[in-house]
Protein chains: 2
Amino acid sequence: MKEKINNLTIKMLAKELGLSVSTISKAIRDSHEISDGTKERVNALVQKLNYIPNPYASSLGSRNSKTIGVVLPEVTDSFFAQAINGIECVAQENGYHVLIYLSHENFEKEKKILKDFESGRVDGVLISVAKETIQHCHIDALMDKAVPIVFFDRVMDEVTTAKIITNDYESARLATEHLIKKGCNRILFLSFSHTLSIICKRLAGYKKALLDNQLKYADNNILTFGNDAKKDYLLLQKKLKSASKGVGILASVEKLALPIYQACEDLQLSIPEDIQVISFSNSDSAAFLHPPLTTITQPAFEIGKTAASLLVKALERRNFELRNEEIIVPSTLVVRKSTIG
Amino acid sequence: MKEKINNLTIKMLAKELGLSVSTISKAIRDSHEISDGTKERVNALVQKLNYIPNPYASSLGSRNSKTIGVVLPEVTDSFFAQAINGIECVAQENGYHVLIYLSHENFEKEKKILKDFESGRVDGVLISVAKETIQHCHIDALMDKAVPIVFFDRVMDEVTTAKIITNDYESARLATEHLIKKGCNRILFLSFSHTLSIICKRLAGYKKALLDNQLKYADNNILTFGNDAKKDYLLLQKKLKSASKGVGILASVEKLALPIYQACEDLQLSIPEDIQVISFSNSDSAAFLHPPLTTITQPAFEIGKTAASLLVKALERRNFELRNEEIIVPSTLVVRKSTIG
């Protein structure tokens, strides 16, 4: 029974067939509690009324809006812009619409978006969580309604579903090693979250490289940016002012890279002579900055594509289950002149 | 009667009340063809069944999805990313959801998206058209269904509704004058469309500046990029190879700027000594390129905000009509070192 049926229709079907609303509702959902005979009666009346389904008038979450919801923290980051292109590529091939919802890093907003999905607006969801998100009840609630969810990039380890990520730990470890090999004896780690999975993994990789190279991990080498860009910038400037030669910086996301360039310019510090810099970044401009920026470049398009492919499989194959697995698509360290060649 | 009612429900109401489907449908739409008595009977049954409206199960296009659809060509451009933030700012204040749809510069895709809106999925639409879009029947069709539409940035002059733009003509004229004043005697104009309103206006501003300064307009100074990035790049490289000193370039959109830097690097040409460059661009990285890029920076956030404010007004005020007016929010020429200081 593929038709979309709302509450009012259920009440009318109940009245017409002399059954309870709950029985009709269960029959429509193909519940095992309802006999085949009853299901047939309900189905027959729906057929008889010759209903032409309206793909958007969903109420019971049957999957035929042919729409994928993509929940992102923002689009000003090149990673997300490129991941969207990968998602759209798969969606188009398989006849799905893509709707993009922005949480703006806000947990309440993300909750509202997922709540909205419960009404059947989308068939499945691809999500990269907001930096504020530490609970997952909103995700569990949607999964309970049989809406398949695939995480990409910013995942929640505690949730049992597919996750597409890059090798965050290993990339950060290699980048930190690179800085150490190039002569840095003190390395700052620029962060913007204490809780986000990807940032925690990148921080752990950074720590591991320090440990392997007999460098001390110190809290005052970790700078965590908040929501006040001006205040954050002053903090960074202060930290760099007191930095001696041999300092390296690992920026854990793209948007933290340009403030470093700004601060060095303002303080008349040279990159890479005074300070060496590596950033996680997918920005095309990295190669043309002054100096060109050494980056950890993530396979953003590929991650979007892989996540969307898995979700489409889950939507189209009755027996395909999204397992609690991570698919890891590795990043590349692209060495440019912000680290000593 | 504010409930959302689908086709199946209409058929059941018709059966229950002994009326035709068309009568029920008209009664629900509060049509003047239907008597008050009949409307009351239909209404009473709906009330009696105590229906809790599902805000997303729209079928009759009444405006209460509380959702704004934003149709964009892409999100990899900083202008659009910043405009989205302006739109979301107004939407949030007024309790609207924002859904982002990407046309990927494809007319057929844009048409499908707008067709999709006819089912009542969104209350109103903000659109910046694809570069392929030269007809507007898809936009007219949606406006015929009383869905309010506001254009921003990439508008269609022929369509009678509000348009929020920047001063494209004047900005390009001023940028071209700037290049001439700095010693350029030949100026290339980099385009990616022959038909898009903003590009035509920017080209006209460029022409005007040439004319005002006794420089000849020549077709072979206009380079129009297509969909093949490699081919386009080779074309640009060939053009720059044969360029003598005193050449300036005006890039009409952000994404055309980095290929210029790439070509100059490959050809060992210096910016600004050999070639001066100005680009329309909202990218934060412009100030940190080598050399820093002189830009025409558009008020992207403001344009998004203004467009969304007008749309919300049109949705909330019964007597507010979107007129065929342009609101122009001016851009700023930010002089940096890619033009001689």
- [ ] Please work out which residue is nearest to residue A:227 (Cα to Cα), limiting yourself to the range A:142-177 and to residues that are at pLDDT below 95 and out of contact with any helix residue (DSSP H, G or I) (no Cβ under 7 Å at 6 or more places or on another chain).
- [x] A:158
Open item on the list: Restricting to the range A:273-287, name every residue that is more than 16 Å from residue A:184 (Cα to Cα) and touching a residue at least 24 places away in the same chain (Cβ under 8 Å).
Closed with: A:280, A:281, A:282, A:283, A:284, A:286, A:287
TODO: Mind telling me which of the residues A:116, A:168, A:153 ends up being within 29 Å of residue B:81 (Cα to Cα) and in contact with a His (Cβ under 8 Å, 6 or more places away or on another chain)?
DONE: A:116
- [ ] Restricting attention to the range B:92-101, report how many residues are touching a residue at least 60 places away in the same chain (Cβ under 8 Å) and either buried (at least 21 other Cβ atoms within 10 Å of the Cβ) or assigned to a helix (DSSP H, G or I) (or both).
- [x] 1
Task: Those residues of the range A:134-152 which are touching a residue at least 40 places away in the same chain (Cβ under 8 Å) and touching a Lys or Arg at 6+ places or on another chain (Cβ under 9 Å), in sequence order - done: A:146, A:147, A:148, A:150, A:151, A:152
Task: Top-ranked residue of the range B:302-321 - restricted to ones that are among the acidic types (Asp, Glu) and modelled with pLDDT under 95, ranked as nearest to residue B:146 (Cα to Cα) - done: B:321
- [ ] Test residue B:98 against the criterion of being modelled with pLDDT under 95, closer than 30 Å to residue B:227 by Cα and in contact with an Asp or Glu (Cβ under 6 Å, 6 or more places away or on another chain), and give yes or no.
- [x] yes
Open item on the list: With the requirement that a residue be within 41 Å of the chain's Cα centre (by Cα), outside any helix (DSSP H, G or I) and surrounded by 18 or more Cβ atoms within 10 Å (Cβ to Cβ), what does the range A:14-49 give you?
Closed with: A:34
- [ ] Mind listing whichever residues of the range A:33-49 are β-branched (Val, Ile, Thr) and at pLDDT 80 or above?
- [x] A:34, A:38, A:42
- [ ] Give B:211, B:215, B:258 a once-over and let me know the one that is more than 19 Å from the chain's Cα centre (by Cα) and in a loop (DSSP other than H, G, I, E, B).
- [x] B:215
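Quick grid of which residues meet (1) among the charged types (D, E, K, R); (2) surrounded by fewer than 24 Cβ atoms within 10 Å (Cβ to Cβ):
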| position | (1), (2) |
| --- | --- |
| A:73 | no, no |
| A:78 | no, yes |
| A:90 | no, yes |
| A:110 | yes, no |
| A:126 | no, no |
Open item on the list: Only one of B:217, B:233 is under 19 Å from residue A:288 (Cβ atoms), surrounded by fewer than 21 Cβ atoms within 10 Å (Cβ to Cβ) and not basic (Lys, Arg). Can you tell me which?
Closed with: B:233
Open item on the list: Cβ-Cβ distance below 6 Å, separation of 6 or more or different chains: which pairs start in the range B:307-318 with a residue that is more than 10 Å from residue B:162 (Cβ to Cβ) and end on one that is polar (S, T, N, Q) and assigned to a loop (DSSP other than H, G, I, E, B)?
Closed with: B:312/B:94
Task: Pick from the range B:254-272, criterion without any contact (Cβ under 8 Å) to a residue 24 or more places away in the chain and more than 10 Å from chain A (Cβ to nearest Cβ), ranking: surrounded by the fewest Cβ atoms within 10 Å (Cβ to Cβ) - done: B:268
Task: the range B:108-127 - residue that is within 12 Å of chain A (Cβ to nearest Cβ) and in a loop (DSSP other than H, G, I, E, B) and, of those, nearest to residue B:69 (Cα to Cα) - done: B:122
- [ ] Residue by residue through the range A:66-77, note down the ones that are closer than 16 Å to residue A:130 by Cα and either in a helix (DSSP H, G or I) or among the polar types (S, T, N, Q) (or both).
- [x] A:76
- [ ] Check B:261, B:217 and return the single one that is aromatic (Phe, Trp, Tyr), at pLDDT 95 or above and under 20 Å from residue B:177 (Cα atoms).
- [x] B:217
Open item on the list: Among the listed residues B:132, B:105, B:88, identify the single one that is part of a helix (DSSP H, G or I) and among the charged types (D, E, K, R).
Closed with: B:88
Open item on the list: Please count how many residues of the range B:322-341 are modelled with pLDDT under 95 and either outside any strand (DSSP E or B) or not acidic (Asp, Glu) (or both).
Closed with: 6
- [ ] Return yes or no: is residue B:69 under 29 Å from residue A:301 (Cβ atoms), more than 8 Å from every other protein chain (Cβ to nearest Cβ) and either modelled with pLDDT of 90 or more or over 39 Å from the mean Cα position of the chain (by Cα) (or both)?
- [x] yes
TODO: Could you run through the range A:176-197 and say how many residues are under 13 Å from residue A:253 (Cα atoms) and crowded, with 22+ Cβ neighbours inside 10 Å?
DONE: 4
Open item on the list: Taking the condition of being away from chain A (no Cβ under 14 Å) and of a type in the set (A, V, I, L, M, F, W, C), how many residues in the range B:273-298 meet it?
Closed with: 4
Open item on the list: Taking the condition of being among the small types (Gly, Ala, Ser) and more than 29 Å from the chain's Cα centre (by Cα), how many residues in the range B:325-341 meet it?
Closed with: 1
Task: the range A:185-201: number of residues that are under 30 Å from residue A:273 (Cβ atoms) and either among the hydroxyl-bearing types (Ser, Thr, Tyr) or touching a Leu at 6+ places or on another chain (Cβ under 9 Å) (or both) - done: 8
Open item on the list: Looking at the range B:235-252, can you tell me whether even one residue there is part of a loop (DSSP other than H, G, I, E, B), modelled with pLDDT of 95 or more and either of a type outside the set (Phe, Trp, Tyr) or touching a Pro at 6+ places or on another chain (Cβ under 6 Å) (or both)?
Closed with: yes
Open item on the list: Just to verify a result, which residue in the range A:82-100, among those that are closer than 14 Å to residue A:302 by Cβ and small (Gly, Ala, Ser), is nearest to the other protein chains (Cβ to nearest Cβ)?
Closed with: A:83
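The values are calculated or read from the model by the stated rules, or taken from the named source; none is laboratory data. Computed from a predicted model, the values in this text were never measured in an experiment. Virtual Cβ from ideal backbone geometry, glycine too; neighbours counted across all protein chains shown.
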